[in-house]
Amino acid sequence: MITSRRGFLRSLTGGAVAGAVAQWPLTGVTRAATFELSRFNQTDGLILLNSNENVYGPSAKVVDAIRSSIGSVNRYPRMQYDSLAERIADFHNVKPEQVLLGCGSTDILRLTAFAFLGPGKQLIRASPTFGAIEHYGRGAGAEVISVQLTPAFAHDLDGMLVRATASTTLVYICNPNNPTASLTPRKDLENFIRKLPESTFVVIDEAYHQYAGQSGTNASFIDRPYDDERIIVTRTFSKVYGLAGLRLGYAVASPKLVHQMRKFATEDDINALVTRAAAAALDETESVKDFVRRNTDDRQEFFNQAMARAVKPIDSHANFVMMNTFHPAEEVIQYFRKNNILIGRPLPPMDTYIRVSLGWPEEMLAFWRTWDGLPYTKRLMSH
Ligand SMILES: Cc1ncc(COP(=O)(O)O)c(C=O)c1O
């Protein structure tokens, strides 16, 4: 068992592991060109495969932007707020009044809940899905209706429609969905939105959008807008841009909805460092492409390793993978925890599934080594 991060890294010098790492399908950018701090600053020795972060980011230019803005941390970043909102608007080809910044997209989900929910109102969301909106919806006094995903792990849009009434003021769609990493087709979503009661707003959470790639079945509601003023799209700098620690997310919606949500926003909740970092990150199209490419390779390797063990994960369109262990997930999670690897928390009602964020290749080797030591592996093979 690896008891510290240093021990883990030392263990990588062992011949077998080093050989396996060298064969890993590495893409164009060398490791030296990426910023190493996010990899080595875990002093507690844990391998973090639990929060769907980008282990390769942020890019070196973004780190430079953070460094060069340190001198202004004694000032409120009020003017930078506006220029960042303009930069994001420009990036998406929308008006600045359509952009609302928040302290992570979690904050945006909080604003959405407080702007559109309250006592006597209902939120409809999938189960399982990302939990923030449910939490804030309940906090706002609304009723929360959960509709299980389809057998293909898409949102059950027909099931959601059946539950929608005049009191349903908000529907939450997470696409790709966390924790299943699955997609709900664009066309189905358009049909669904058209049939919703007029008083229902729709928040579409595109936190992992870049990892899914654009296609006929998957198109962002920002990049390919749908003509309906009830839609709020949320994005984050925490995932592909590698800035989870700096906390920045945003919404793109009609000026009227942004105005409504802004009433609940905390003033000055965007920090001085992230305003510069985010602007630099938006310019980094090549490094974003590289992060996505690396993720595609890592995801493929994860599936190869899983298949070699007769395990079939859910098809993933994100930087994490969910799979059935045919064993209580809580025990599997604890087993990994004892081996210094954190994976996603239990995700009811999928009580035998685990969610694994993709980490560095060496970390994934440690994951599979630990998996092979699970006392339940043999049972799995029989499924
Ligand atoms: C689907 C989804 N939305 C939103 C968030 C919140 O991200 P943040 O608050 O860091 O922007 C997460 C975080 O994991 C997520 O998985």
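Put the Cα centre of region 82-129 next to the Cα centre of region 272-348 and the gap is 25 Å.
Rounded, prolate or oblate for region 154-224? Axes are the square roots of the Cα gyration tensor eigenvalues, ordered a ≥ b ≥ c, and the cut-off for rounded is a/c under 1.5.
Because a/c hits 1.5 or more and a/b exceeds b/c, region 154-224 counts as prolate.
At a probe radius of 1.4 angstrom, the accessible area of region 57-142 per residue rounds to 46 square angstrom. As a fraction of the 1.4 Å probe accessible area of region 252-323, surface on carbon and sulfur atoms comes out at 52 percent.
Each 10 Å bin, from zero up to the one with the longest distance, holds this percent of the alpha carbon pairs of the chain: 5, 23, 31, 26, 13, 2, 0. Membrane-span-like helices of the chain, defined as complete DSSP H segments with a Cα extent of 15 Å or more along the helix axis and a mean Kyte hydropathy of at least 0.0, are identified as 105-116, 272-283. How large a share of the accessible area of region 122-239, in percent, is made up of carbon and sulfur atoms when the probe is 1.4 Å and the other protein chains stay in place? Roughly 50 percent of what the probe reaches on region 122-239 is carbon or sulfur.
Count the net charge of all other residues whose Cβ sits under 10 Å from the Cβ of Y172, scoring Lys and Arg as +1 and Asp and Glu as -1.
-1
Note on the chain: with a GNM built from Cα contacts shorter than 10 Å, the maximum mean-square fluctuation among T165, T184, T236 falls on T165. Extension gain, R75 to D268: 0.36 nm times the residue separation minus the Cα-Cα distance gives 68.4 nm. Checking the Cα-Cα distances for K239/K289; K239/K312; K61/K289 against a 18 Å cut-off, the pairs over it are K239/K312.
Heavy atoms of the protein chains alone define the surface here; on that basis region 237-364 has 39 Å² accessible area per residue at 1.4 Å probe size. Sorting the segments 95-101, 352-358 by their residues' average number of neighbouring beta-carbon atoms within 10 angstrom, most packed first, yields 352-358, 95-101. Return the lysines within reach of K121: Cα separation strictly under 21 angstrom, same-chain partners fewer than 8 residues apart disregarded; answer none if there are no such residues. Qualifying lysines at Cα under 21 Å: K195, K256, K263.
The values are calculated or read from the model by the stated rules, or taken from the named source; none is laboratory data. What you are looking at is a predicted structure, and each value in this text was computed from that prediction instead of being measured. No Cβ is skipped: glycine too gets one built from the backbone with ideal geometry, and neighbour counts run over all protein chains shown. SASA here: full protein model, heavy atoms, side chains in, ligands and nucleic acids out. Shrake-Rupley method; radii C 1.70, N 1.55, O 1.52, S 1.80 Å.
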